[in-house]
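Beneath this line is the structure, given in structure tokens, with notes to follow.
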Amino acid sequence: MADSVEVNLGKGAVYPALVVGVIGSVIALLIKGKSGLIAGGFALLIVFIFFIIHLIISKISNNLDPIAVMGLALFSYFSKVLILGVFLLVIVNKISIENLDRPSFGAIAIAVTVAWLGGEVRAFLKLKLHMPLPKKEK
Amino acid sequence: MSSSEEGAFWTILSYLIAGLILWCGIGLLVDHFLKTTFFVLIGMAIGLGSSLYLIWVRFIRIVK
């Protein structure tokens, strides 16, 4: 059985994002030491969780009404913003700068996000979607 | 966007905002009186859950 669109998009996005995240973490390790590596790991984890939630929502909403899709999309967007806010608050208040390098975290998170989106776009362009043709007019 | 879709958008947005404000507010109050810090997070989770429930009942369950 062929993979669904979401699985193909996920597969196309995971590899470039993983490569960029690992390279970024290694660079951060070399420049900032252990705190850079931990920041890279956190950044990779949070970006992956966010985009996987996005793919799950799009899989769930495959056969739903457009308004229901909008409801799920708004809900997932709200949840993501809130969870990210809580996550950043926890990082700022509970983890010291010596243990987690903030600039490395931000830079790697942005790089992984760009890589994931680029991979997703590339995977989407490769997809063979069956579009319904318009009916012939008599 | 038609007027019914626009209405649905604002309804969904108001469910989300109202649920969060109400339950986070209750969580903050409980935290204030019990001198704790985690009830606001529980309130946030309940707020999001109740908003999703309302969105599900109003817009998803009926059109499935």
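The numbers here are math on the coordinates, done by the rules we state, and not lab data. All values derive from a computational prediction rather than experimental measurement. Heads up, the Cβs are rebuilt from the backbone with ideal geometry, glycines too, and the neighbour counts pull from every protein chain shown.
With the simple spin-label model, which puts each label point 7 Å out from Cα in the Cβ direction, the residue B:53 to residue A:30 separation comes to 5.3 nm. Residue separation of residue A:49 and residue A:3 scaled by 0.36 nm, minus their Cα-Cα distance, works out to 14.5 nm of gained length. On a per residue basis, the convex hull of the C-alpha atoms belonging to the protein assembly as shown measures out at 164 Å³.
Per-residue ellipticity at 222 nm computed for chain B from its helices equals -27000 deg cm²/dmol, with DSSP H segments shorter than 4 residues left out and the rest contributing -39,500 (n - 2.57). Mean per-residue shielding of peptide A:72-84 is 4, counting Cβ atoms of other chains within 10 Å of each Cβ.
Does segment B:3-63 classify as rounded, prolate or oblate by the C-alpha gyration tensor (a ≥ b ≥ c root eigenvalues; a/c under 1.5 gives rounded; else a/b over b/c gives prolate, otherwise oblate)? Because a/c hits 1.5 or more and a/b exceeds b/c, segment B:3-63 counts as prolate.
From helices alone, chain A scores -28500 deg cm²/dmol at 222 nm; the rule is -39500 (n - 2.57) for each run of n ≥ 4 DSSP H residues, then divide by the residue total. Of A:11/A:94; A:11/A:80; A:32/A:94; A:34/A:94; A:32/A:80; A:59/A:128, which pairs sit farther than 25 Å apart, going by alpha carbon to alpha carbon? Beyond 25 Å between Cα atoms: A:11/A:94; A:32/A:80.
Mean per-residue shielding of peptide A:85-94 is 1, counting Cβ atoms of other chains within 10 Å of each Cβ.
If R0 equals 35 Å, the separation of the Cβ atoms of residue B:18 and residue A:23 corresponds to a calculated FRET efficiency of about 0.20. Residue-wise HN-Hα couplings along segment B:36-42, as the Karplus relation 6.51 cos²θ - 1.76 cosθ + 1.60 with θ = phi - 60° gives them from phi, are 10, 10, 9, 5, 5, 5, 5 Hz; Gly and Pro carry x.
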